[in-house]
Amino acid sequence: MKHYMIVDIGTGNSRVALVREDGALICVKTFENIYYIDEAYEDAQYFDPSFWKRNILGLCREIIHMYPNITIDAISSSGARESIVLINRKQEDFYGLPNIDNRGRAWMAEIQKDGIYKKTGRWVTEDFPAAKLMGLSKRRKEIFDQVQTFTSLSEWIGYVLCGKLAIEPSQACETQLYDIGTQQWSEELIKRFKLEQLTMPPLLNAGSLLGFMREDIKEQLGIAYDIPFLIGGADTQVAVLGAGMQEGDIAVVSGTTSPVVTLRTERYCDPQERCWTDSWLKGSMYQMETNPGVTGLNYQRIRNLLFDGVSYEDLEAALKEVNSIKCTASFSSLDFEHACGYKNGGFFMRPPFRADLHRIDLAWALVGDIACSIFYQYRQLLQMLPIQHDKILGCGGGFQSEMLCQHLSDLTQKALVLPDNFHQASIMGCVAVCNSYWNIHTDTNERAYKIYKPQKGSLIQEYYEIWKTNRDRVNTTV
């Protein structure tokens with residue numbers, strides 16, 4: 001059995017895992033990602049790559065020391081999309097722009113937007129690194145002038161370990177500087193965002209050998225043998241690979257956000273611009289996506305606020321006892337089909353305040369909001385691409401909520417299928433990447449699955465209609 005070390009960099013936290021080729025998790029260690037406010041903008045955050053690097057290498061060292069008899073056959077990584085690390089002319093990784101950074105928002109009107117959706121598969125917003133870099137050039141010129149190039153979070157780990165630069169097509173498409181049709185950097189897009197002075201990183205496909213671990217890193221980790229670093233990619237694409245997704249399937253990755261995706265060989269460009277078209281790993285296919293925005297983070301926050309000290313298991317058990325709708329919730333953040341965020345949200349109920357309202361009713365409404373938001377985006381995707389399917393693949397930590405799983409199955413009237421280790425899908429995807437390098441075949445059909453079967457006449461189906469009415473009443477689409 002081969003063993004792999006996987007680095008998975010998320011938005012809220014990051015993980016380092018030791019995994020066997022068959023997907024058996026031996027060890028997972030986590031640290032919280034730290035961000036800083038940039039006061040030069042209304043809504044800007046950054047991170048210090050050196051701090052994250054110390055944490056990641058520290059966890060790698062801990063795991064290696066815990067399992068001295070295990071030889072690591074490869075390292076790979078996945079990373080949150082829309083996040084980049086900047087590299088200066090001294091080849092130092094000195095500044096990080098995360099997906100939650102919106103420093104480019106004030107200058108989006110300056111961009112000539114014609115044709116950008118067709119080239120990049122996404123509309124122009126401050127979410128993407130092109131806008132972040134443009135915003136950096138406007139008010140942080142002293143930082144921008146140091147930048148020579150950049151890379152994504154997943155490939156940055158390779159840069160740290162091997163000293164070699166690359167970016168995977170699944171991450172390049174998230175920059176809004178990459179043409180998904182030609183699968184190359186677009187000089188036209190680079191000029192539109194006024195980023196001609198930057199050098200674009202080389203493109204390298206998932207599963208490719210970037211290089212071997214540097215000698216100083218090997219010494220720091222306490223190992224003497226060579227370890228190859230294999231290119232991974234964007235966390236959503238890597239996660240659905242880990243879930244065993246094939247062309248024509250539909251999958252939901254439930255985490256901080258909950259993208260609903262399908263894969264096609266042929267590129268799809270929606271005339272109404274209601275979805276994103278992403279590059280699949282290696283640029284081999286296209287991934288169509290709709291997304292309700294922030295979902296799982298809302299569940300985490302209501303638990304911290306109202307159920308401090310209550311385990312997820314006890315909270316889930318209490319949710320199953322709810323048998324009536326006392327309020328609805330609306331906290332998912334994106335009106336995806338109109339390319340804007342929802343301006344208003346909250347809990348909604350008839351006045352006066354109900355005497356029998358309990359905190360568990362608020363939690364049930366919030367889980368219902370997540371399920372309904374995903375279901376709405378699922379319906380939008382099917383309007384554009386009427387795919388014949390009998391199941392939905394689910395992966396991501398959000399599906400640890402059994403209530404959410406059953407809700408989504410009931411709403412879609414499809415079986416929700418969760419592969420083994422679904423909550424570690426990005427790690428499993430990186431295992432698949434490493435196995436492909438070593439020509440190791442693993443049959444995803446042999447993996448253990450958990451299946452939620454749809455029920456009719458469930459409370460969530462009644463909730464959906466009330467939920468949608470309340471959400472739409474407080475949000476006017478522009």
- [ ] Give the residues of region 347-357 that are assigned to a loop (DSSP other than H, G, I, E, B) and open to solvent by less than 100 Å² (accessible area, probe 1.4 Å), sorted by residue number.
- [x] Met349, Arg354, Asp356, Leu357
Task: Extreme residue, farthest from Ile460 (Cα to Cα), among residues of region 321-346 that are of a type outside the set (Phe, Trp, Tyr) and open to solvent by less than 30 Å² (accessible area, probe 1.4 Å) - done: Asp335
- [ ] Report, by residue number, each residue of region 264-298 that is within 23 Å of Leu204 (Cβ to Cβ) and among the hydroxyl-bearing types (Ser, Thr, Tyr).
- [x] Thr265, Thr277, Ser279, Ser284, Tyr286
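Taking region 300-316 on its own, how many of its residues are basic (Lys, Arg) and not in a helix (DSSP H, G or I)?
First, the residues of region 300-316 that are basic (Lys, Arg): 301, 303.
Among the residues that remain, those that are also not in a helix (DSSP H, G or I) are: none.
Qualifying residue count for the region: 0.
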- [ ] Look at Tyr95 and say whether it is in the same structural domain as Leu204 (by the TED database) and open to solvent by 50 Å² or more (accessible area, probe 1.4 Å).
- [x] no
- [ ] For region 56-78, state whether one or more residues are open to solvent by 30 Å² or more (accessible area, probe 1.4 Å), within 25 Å of Ser170 (Cα to Cα) and either basic (Lys, Arg) or in contact with a Phe, Trp or Tyr (Cβ under 7 Å, 6 or more places away or on another chain) (or both).
- [x] yes
- [ ] Mind counting the residues in region 265-296 that are within 22 Å of Gly429 (Cβ to Cβ) and not in a loop (DSSP other than H, G, I, E, B)?
- [x] 13
Task: Scan of region 141-170 for residues that are over 20 Å from Ile56 (Cα atoms) and in contact with a Gly (Cβ under 6 Å, 6 or more places away or on another chain), ordered by number - done: Glu168, Pro169, Ser170
Task: All strands (runs of 3 or more DSSP E) inside region 148-263 with 3 or more residues being touching a residue at least 40 places away in the same chain (Cβ under 8 Å) and over 18 Å from the mean Cα position of the chain (by Cα) - done: 209-212, 228-234
TODO: Being in a helix (DSSP H, G or I) and either without any contact (Cβ under 8 Å) to a residue 40 or more places away in the chain or farther than 21 Å from Ala44 by Cβ (or both) is the filter here, so list the residues in region 116-135 that pass it.
DONE: Ile116, Tyr117, Lys118, Lys119, Thr120
Task: So Asp308, is it open to solvent by 10 Å² or more (accessible area, probe 1.4 Å), in the same structural domain as Ile116 (by the TED database) and out of contact with any Leu (no Cβ under 8 Å at 6 or more places or on another chain) - done: no
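Is there a residue in region 272-282 that is of a type outside the set (S, T, N, Q), without any contact (Cβ under 8 Å) to a residue 24 or more places away in the chain, out of contact with any Cys (no Cβ under 7 Å at 6 or more places or on another chain) and more than 20 Å from Gln171 (Cβ to Cβ)?
Taking region 272-282 first, the residues of a type outside the set (S, T, N, Q) are 273-276, 278, 280-282.
Those still in the list that are without any contact (Cβ under 8 Å) to a residue 24 or more places away in the chain too: none.
Checked region 272-282: no residue is of a type outside the set (S, T, N, Q), without any contact (Cβ under 8 Å) to a residue 24 or more places away in the chain, out of contact with any Cys (no Cβ under 7 Å at 6 or more places or on another chain) and more than 20 Å from Gln171 (Cβ to Cβ).
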Task: Condition met for Ile302 (open to solvent by less than 20 Å² (accessible area, probe 1.4 Å), out of contact with any strand residue (DSSP E or B) (no Cβ under 8 Å at 6 or more places or on another chain) and either modelled with pLDDT under 95 or of a type in the set (Val, Ile, Thr) (or both)) - done: yes
TODO: Just give me the residues in region 106-138 being under 20 Å from Tyr268 (Cβ atoms), open to solvent by less than 20 Å² (accessible area, probe 1.4 Å) and touching a strand residue (DSSP E or B) at 6+ places or on another chain (Cβ under 8 Å), in sequence order.
DONE: Thr120, Gly121, Arg122
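Please work out which residue is nearest to Asp314 (Cα to Cα), limiting yourself to region 388-423 and to residues that are assigned to a loop (DSSP other than H, G, I, E, B) and out of contact with any helix residue (DSSP H, G or I) (no Cβ under 8 Å at 6 or more places or on another chain).
Step one: of region 388-423, the residues assigned to a loop (DSSP other than H, G, I, E, B) are 388-390, 396, 401, 413-414, 420-421.
From the residues that got through so far, the ones that are out of contact with any helix residue (DSSP H, G or I) (no Cβ under 8 Å at 6 or more places or on another chain) too are 388-390, 413-414, 420.
Numbers: Gln388: 37, His389: 34, Asp390: 32, Gln413: 27, Lys414: 27, Asp420: 23 Å.
Ranking the candidates gives Asp420 first.
Consider region 408-423. How many of its residues are over 13 Å from Ala243 (Cβ atoms) and open to solvent by 10 Å² or more (accessible area, probe 1.4 Å)?
Here is the first cut: in region 408-423, the residues over 13 Å from Ala243 (Cβ atoms) are 408-415.
Applying the additional criterion that residues be open to solvent by 10 Å² or more (accessible area, probe 1.4 Å) yields 411-415.
Residues meeting the conditions: 5.
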Open item on the list: Exactly one condition in (1) hydroxyl-bearing (Ser, Thr, Tyr); (2) loosely packed, with under 15 Cβ neighbours inside 10 Å; (3) in contact with a helix residue (DSSP H, G or I) (Cβ under 8 Å, 6 or more places away or on another chain) is false for Ser426; which is it?
Closed with: (2)
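The values are calculated or read from the model by the stated rules, or taken from the named source; none is laboratory data. Note that this is a predicted model, so its numbers are computed, not measured. Ideal geometry is used to build each Cβ from the backbone, glycine not excepted, and the neighbour counts take in all protein chains shown. Protein only, heavy atoms only, side chains kept; ligands, DNA and RNA dropped before computing areas. Shrake-Rupley method; radii C 1.70, N 1.55, O 1.52, S 1.80 Å.
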